[in-house]
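Chemist: I have a structure I would like to understand better, so I am pasting it below and will then ask my questions one at a time.
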Amino acid sequence: MMLNPADADFAAALDGVVPSGVFREIEPRYLEEPRGRLQGRAGLLACPRTTQEVAALIRAAHDARVGVVPYGGGTGLVGGQVLTEGPAPLILSLERMNAIRAVHADENVIVAEAGAILADLQAAARAADRLFPLSLASEGSARIGGNLATNAGGVNVLRYGNTRDLCLGLEAVLPDGRIWNGLTRLRKDNTGYDLRNLLIGSEGTLGVITAAALRLAPIPARSGTAIFVVASPRAAIDLLSLARDRVGEGISAFELLSGQGFDFLSETLPDIRQPFDTPPEWCVLIELGLIAALDPQEQLAELFEAALERDLASDGLIAQSEAQRDGFWMVREQVPEANRRIGSVSSHDVSIPLRALPEFIAKAAERISEIGDFRINCFGHLGDGNLHYNIFPPKGADRTAFKAQSGIVARAVHDLVAEFEGSISAEHGIGRSKVTELEIYGDPTKIAAMRAIKSALDPQGIMNPGAVLRL
């Protein structure tokens with residue numbers, strides 16, 4: 001169905017429908033995404049202050065058949081936040097709906113509006129002596145509504161799960177402007193279809209999340225962080241198994257880093273202090289969160305000794321202070337920025353069955369070498385099987401010279417992911433950048449069901465048009 005633009009006529013029709021001050025000038029940031037690969041179309045920008053204002057805007061867009069692009073913190077990496085073609089949309093930013101509505105520490109629940117910045121939500125939890133465990137490199141600007149809409153992952157998925165696993169209830173505006181009051185704090189509510197989980201991960205294509213009730217967790221009494229040098233990804237997987245045998249669910253994060261990532265940091269961010277004088281080919285960053293009776297540094301030291309005995313690790317550093325711990329994590333969190341500065345030929349966010357990861361890494365390198373002389377930075381959330389497998393031009397070359405090979409590289413990586421029965425999108429979503437990949441690698445029955453759901457809830461097709469499903 002053809003959509004209409006969010007133009008002056010649409011704005012005039014909204015006069016009196018929403019209060020003054022809702023509409024703002026569109027700054028460039030609303031039309032961009034972090035990697036600079038997509039440019040959005042400018043229509044109108046609305047920044048509502050209440051759920052009722054969101055509902056009024058969506059109702060008007062529904063009646064006028066105007067596309068709506070929900071906008072969170074703008075940190076998404078697959079273009080879900082920018083409409084690149086078609087009639088200019090209504091950009092709906094919830095940045096002014098950023099209140100922490102309630103903290104129920106005794107229930108381990110926090111209720112926040114969708115525009116709350118993730119770091120502010122974490123701080124509100126800490127003020128109540130609780131932990132909100134979702135943790136991302138972009139947490140200083142990412143907003144919880146966007147995290148929910150994309151089912152964001154991050155470094156603590158191994159222990160606490162994706163954003164989906166942290167959500168108890170939602171308040172949302174459906175595509176016809178009706179408000180769904182599902183903001184429950186209940187752990188059990190077995191009353192039919194789960195609209196909460198339908199909206200989480202739907203990337204704004206089925207409605208607009210306006211608030212959420214979210215799970216908190218106790219802050220671990222003691223924590224410890226270490227970096228261990230490992231001989232290979234297989235050794236890293238075996239080390240993870242050993243660590244689980246020793247500390248069980250006390251592992252909060254288990255991240256894989258490659259020597260190429262350290263080289264990129266040296267090349268683009270030389271002021272960042274690296275943990276080793278000579279970058280190892282592979283290493284893992286481990287974080288433990290333990291009960292008061294267990295000493296994390298002692299546990300890490302014993303783990304390292306056991307890893308040495310089994311030839312799983314050859315060197316290691318255990319953080320002796322909070323500053324050193326922060327330094328370790330700074331290295332991990334700045335790898336994506338170093339990647340951005342180098343400029344990738346093709347970037348991939350994939351998940352592979354855990355035991356198959358080492359074989360995938362080896363075979364993927366072979367296939368990429370058959371295409372050309374590229375650098376590979378393979379890193380990510382090893383504990384949950386999520387790799388960021390990114391391909392870069394040779395040192396000194398510009399990625400633009402390899403534009404013609406980008407699709408060939410992506411197809412080679414994703415074909416191999418399919419062979420290993422993995423996923424072409426582990427945590428970033430589909431957005432607009434991976435619509436074709438979803439059509440190629442997705443299950444046809446699932447895609448048909450998704451289209452049926454989209455058609456039932458959004459028959460006008462106004463919600464984030466072109467994201468996830470092709471128009």
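The values are calculated or read from the model by the stated rules, or taken from the named source; none is laboratory data. Bear in mind the structure is a predicted one, so any value in this text is a computation, not a measurement. Here the Cβ positions follow ideal geometry from the backbone for every residue, glycine too, while neighbour counts run over all protein chains shown. Just the protein is used for accessible areas: all its heavy atoms, side chains included, with ligands, DNA and RNA removed. Shrake-Rupley method; radii C 1.70, N 1.55, O 1.52, S 1.80 Å.
Yes/no per residue for (1) closer than 30 Å to residue 15 by Cα; (2) touching a residue at least 60 places away in the same chain (Cβ under 8 Å); (3) open to solvent by 40 Å² or more (accessible area, probe 1.4 Å):
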site: 49; (1), (2), (3): yes, no, yes
site: 59; (1), (2), (3): yes, yes, yes
site: 72; (1), (2), (3): yes, yes, no
site: 95; (1), (2), (3): yes, no, no
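Each row is one residue, and each column tells you yes or no for (1) more than 20 Å from residue 158 (Cα to Cα); (2) in contact with a helix residue (DSSP H, G or I) (Cβ under 8 Å, 6 or more places away or on another chain).
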residue	(1), (2)
238	no, no
243	no, yes
250	no, yes
256	no, yes
263	yes, no
267	yes, yes
274	yes, yes
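Chemist: So residue 421 fits all but one of (1) on the phi > 0 side of the Ramachandran plot; (2) crowded, with 16+ Cβ neighbours inside 10 Å; what number is the exception?
Modeler: Of (1) on the phi > 0 side of the Ramachandran plot; (2) crowded, with 16+ Cβ neighbours inside 10 Å, only one is false for residue 421: (2).
Chemist: Still on this model: Of all residues in segment 266-315, which are among the hydroxyl-bearing types (Ser, Thr, Tyr) and within 29 Å of the chain's Cα centre (by Cα)?
Modeler: Residues satisfying the conditions are 266, 268.
Chemist: Let me ask another. Residue 118 versus (1) modelled with pLDDT under 95; (2) buried (at least 17 other Cβ atoms within 10 Å of the Cβ); (3) touching a strand residue (DSSP E or B) at 6+ places or on another chain (Cβ under 8 Å); (4) of a type outside the set (Gly, Ala, Ser): which is the lone unmet condition?
Modeler: (1)
Chemist: Cβ-Cβ under 6 Å, sequence separation 6+ or interchain: first residue in segment 105-120 and under 15 Å from residue 71 (Cα atoms), partner modelled with pLDDT under 95. Which pairs?
Modeler: The qualifying pairs are 118/139.
Chemist: Taking the residues in segment 283-293 that are surrounded by 15 or more Cβ atoms within 10 Å (Cβ to Cβ) and β-branched (Val, Ile, Thr) as candidates, determine which candidate is farthest from residue 243 (Cα to Cα).
Modeler: Applying the filter and picking the extreme gives 284.
Chemist: Sticking with this structure for a sec: Considering every residue within segment 446-467, establish whether at least one is open to solvent by 20 Å² or more (accessible area, probe 1.4 Å), assigned to a loop (DSSP other than H, G, I, E, B) and closer than 30 Å to residue 253 by Cα.
Modeler: no
Chemist: Pairs, please: C-beta under 6 Å, at least 6 apart or cross-chain, first residue over 21 Å from residue 86 (Cβ atoms) and in segment 5-25, second among the basic types (Lys, Arg)?
Modeler: Hits for this filter: zero, empty list.
Chemist: Tell me yes or no: at least one residue of segment 33-51 is at pLDDT 95 or above and of a type in the set (Val, Ile, Thr).
Modeler: Scanning segment 33-51 turns up at least one residue that is at pLDDT 95 or above and of a type in the set (Val, Ile, Thr).
Chemist: Just to be sure before I move on: is residue 76 touching a residue at least 12 places away in the same chain (Cβ under 8 Å), closer than 29 Å to residue 169 by Cα and either open to solvent by 50 Å² or more (accessible area, probe 1.4 Å) or out of contact with any strand residue (DSSP E or B) (no Cβ under 7 Å at 6 or more places or on another chain) (or both) in the structure I sent?
Modeler: Against the criterion (touching a residue at least 12 places away in the same chain (Cβ under 8 Å), closer than 29 Å to residue 169 by Cα and either open to solvent by 50 Å² or more (accessible area, probe 1.4 Å) or out of contact with any strand residue (DSSP E or B) (no Cβ under 7 Å at 6 or more places or on another chain) (or both)), residue 76 qualifies.
Chemist: Report, by residue number, each residue of segment 206-254 that is under 30 Å from residue 98 (Cβ atoms) and of a type in the set (Ser, Thr, Tyr).
Modeler: Those that are under 30 Å from residue 98 (Cβ atoms) and of a type in the set (Ser, Thr, Tyr): 210, 223, 252.
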